[in-house]
Each structure stands twice: as structure tokens, then as C-alpha cells.
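Q: Got a structure for you, written out below as C-alpha cells; questions coming shortly.
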Amino acid sequence: MKLLITVGPTREPIDPVRFLSNRSSGKMGFALAEAAAARGHRVTLISGPVALQTPKAVRVVRVVTAAEMLTAVKLQLKKCDALIMAAAVADWTPARIAKRKMKKGGAQRLTLVLKPTADILKTIAPLKGKKIFVGFAAETHNVTAEAKRKLREKNLDLIIANDVTAPGAGFEIETNRVTIIDAWSTEELPLLSKRAVAEHILARVENRWRAGANQ
Ligand code: CTP
């Protein structure tokens, strides 16, 4: 398969020295890219700012903001069979970026006005065709219900849900505990290395791909 994988956080600039971002390290997405290349797939990564070494045999497109990630996804989408959106895309971005460093002066309070970013999966949903779309849902509560809502609303084939507050799951660590959900089933995986989680996800994507190819 030709796989497109997005990873990492995005950064939304506030002024020339500051940004809004989140705790995504990119480890889950890079594990997916490494495992996919080892399984013989052709992989393109669209990566937000992360401090990880590029896996062998993987092409990387680097982006910073959610808007840049959307542009890169649209550009690369035509060439892929499956898209895995592992990136933690910012939902909000400053309504205006200050051209000069913001000075604190004597202020006791600062209000930042934010505007929503484009939802990448929703924006590209009309271009899906026979491509397989996989999303991630990192939640702190109502994990399965929230993931199922996103599966439907974003027109996905699979969604990988995880409770980022659970022991051994979440940000900056080597392990994860996820549930793989599609329209028919909910598969809870045990605590595993991110590489092992990646292998499970890829096996599911490959099954979907084979099933689609036989139709
Ligand atoms: N996503 C996206 N574009 C965005 C935000 C998220 O494509 N602007 C993708 C993520 O890459 C992920 C999926 O949508 O695969 C779910 O992201 P998540 O942040 O969990 O959900 P949100 O859509 O932000 O919903 P909520 O704020 O209700 O959690």
C-alpha cells in the first residue's frame, strides 16, 4: 500500500517567539511509519515539529501549523491508498499573530483571541473514494463513546481510541493501551509497546485494503 501518515503536534504562532501547541511527541506515528515500511508499504510522513529521527525508507514532509498540515495532506492524498491521521492537530489558532514580540508591560491579565482551525479529516472527507481513512481519538473521559462519534462524524474506516490518563498510555512514553473501533467491532488491546500497537493497527488496515480490493 501507499500509506500517508500524519504525526506530531502542530504549533500555532502567537508572536515571533511564542506558540500554542500540545504534548504529542510523535512516537505513536513514527512507530506506525517504521512498522509500515518494515511490512513493505511505501510510506510518506507529514510531521509536525518533533524531536525524533526519521525512520529508514520513509519520506518526510515537515510542517508547523494546522493550516500547513491541511495543505500537505491535500497535496499528498491523491497518491495514497490509506491515510492514518495520528497527528494531534491544534483545534484553535490565534485570531491574529503579533508581528513583534508581545511585551508584558504592567498588565495583570492577557486575553488571547483564538479562531478554529480547519478539521483536516472533515475537509478531505469528500475525497475519500476507496481510500482507507484512520483517525485517532486521545480522550480523558467517555473514551469509547467519543471515539465512536468521531468515527461517524469524520467518515472513518477505523478509529484508534486511547485514554491518555490511563497508566502506560498517552504522551512521551514508549507504551500505549488502545481500543481499535470500526462500524462493527470494538477491539481492546492490552498494554503494549507503541511498535506492537502499530503492528495491530497496520494488520487491520491491510485487512480492510484486501477486502476492498476483492470487491
Ligand atoms: N483532526 C483533524 N483536524 C483537526 C483536528 C483533529 O483531522 N483540526 C483529526 C486528528 O488527527 C485525529 C481525529 O481528527 O485523527 C480526532 O482528533 P481529536 O483531536 O481527538 O478530535 P477533535 O475533532 O478535535 O474533537 P474534540 O475537540 O471533540 O475532541
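Read-outs throughout are calculated quantities, based only on the coordinates presented, and are distinct from any laboratory measurement. The shown structure was predicted, so the numbers you read here are calculated from the model rather than taken from an experiment. Cβ sites come from the backbone with ideal geometry, for glycine too, and all protein chains shown count toward neighbours.
Q: Helix 194-213 against the longest principal axis of the chain: what's the angle in degrees, Cα atoms only, rounded to the nearest 10?
A: 60 degrees
Q: Which whole-Hz couplings ³J(HN,Hα) result when phi for each residue of the range 104-120 is put into the Karplus expression 6.51 cos²θ - 1.76 cosθ + 1.60, θ = phi - 60°, listed in order with x for Gly and Pro?
A: Running phi through 6.51 cos²θ - 1.76 cosθ + 1.60 with θ = phi - 60° gives 6, x, x, 5, 9, 7, 10, 10, 9, 9, 10, 10, x, 7, 6, 7, 4 Hz.
Q: Another question about this same structure. Considering the chain as a Gaussian network with a 10 Å cut-off on Cα pairs, which listed residue, Leu20, Leu191, Leu75, attains the greatest mean-square fluctuation?
A: Leu75
Q: Would you mind computing, in nm to one decimal, how far apart the modelled labels at Ala213 and Asn22 are, each placed 7 Å from Cα along Cα→Cβ?
A: 3.3 nm
Q: Sum up the charges of everything whose Cβ sits under 13 Å from the Cβ of Val134, counting Lys and Arg as +1 and Asp and Glu as -1, but leave Val134 out. Intermediate results must be reported in sequence, preceding the final value.
A: On the way: positive: Lys128, Lys131, Lys150, Lys154, Arg204, Arg208; negative: Asp81, Asp157, Asp182, Glu206.
The answer is +2.
Q: In whole Å and largest first, what semi-axes does the C-alpha gyration tensor of the range 30-138 yield when each eigenvalue is scaled by 5 and square-rooted?
A: Working: eigenvalues 215, 61, 26 Å².
So the three semi-axes of the range 30-138 are 33, 17, 11 Å.
Q: How large is the charge dipole for the chain, taken about the Cα centre, if only the Cβ atoms of Lys, Arg (+1) and Asp, Glu (-1) carry charge, to the nearest 20 debye?
A: Taking the Cα centre of the chain as origin, the dipole is about 1020 debye.
Q: Got a sec? Charge dipole of the range 95-203, +1 on Cβ for Lys and Arg, -1 for Asp and Glu; which of Pro116, Thr186, Ala98 is way out at the positive end?
A: Working it through, the farthest residue towards the positive pole turns out to be Ala98.
Q: Next question, about the same structure. DSSP loop trypsin sites (Lys or Arg not before Pro) in the range 1-42 with at most 13 other Cβ atoms within 10 Å of their Cβ, which ones? Walk me through the numbers on the way to the answer.
A: Values: sites: Lys2, Arg11, Arg18, Arg23, Lys27, Arg39, Arg42; in loops: Arg11, Arg23, Arg39.
Answer by residue number: Arg23.
Q: What are the equivalent ellipsoid semi-axes of the chain, built from the alpha-carbon gyration tensor (square roots of five times its eigenvalues), in whole angstrom, biggest first?
A: After scaling each eigenvalue by five and taking roots: 30, 19, 17 Å.
Q: Give, as ranges by residue number, the residues of the range 1-23 whose backbone N falls under 18 Å from the point 7 Å along Cα→Cβ of Leu75.
A: 3-8, 10-11
Q: Residue farthest toward the positive end of the dipole of the range 124-168, with Cβ of Lys/Arg at +1 and Asp/Glu at -1: which of Pro167, Ala138, Ala125?
A: Of the listed residues, the answer is Ala125.
Q: Could you state the number of Å between the C-alpha centres of the range 11-67 and the range 134-203?
A: If you average the Cα positions of each part, the centres end up 18 Å apart.
Q: Additional query: Report, in deg cm²/dmol and to the nearest 500, the calculated mean residue ellipticity at 222 nm for the chain, where each DSSP H run with n ≥ 4 adds -39500 (n - 2.57) and the sum is divided by the residue count.
A: Details: 5 runs with 60 residues, N = 215.
After summing the helix terms and dividing by residue count, I get -8500 deg cm²/dmol.
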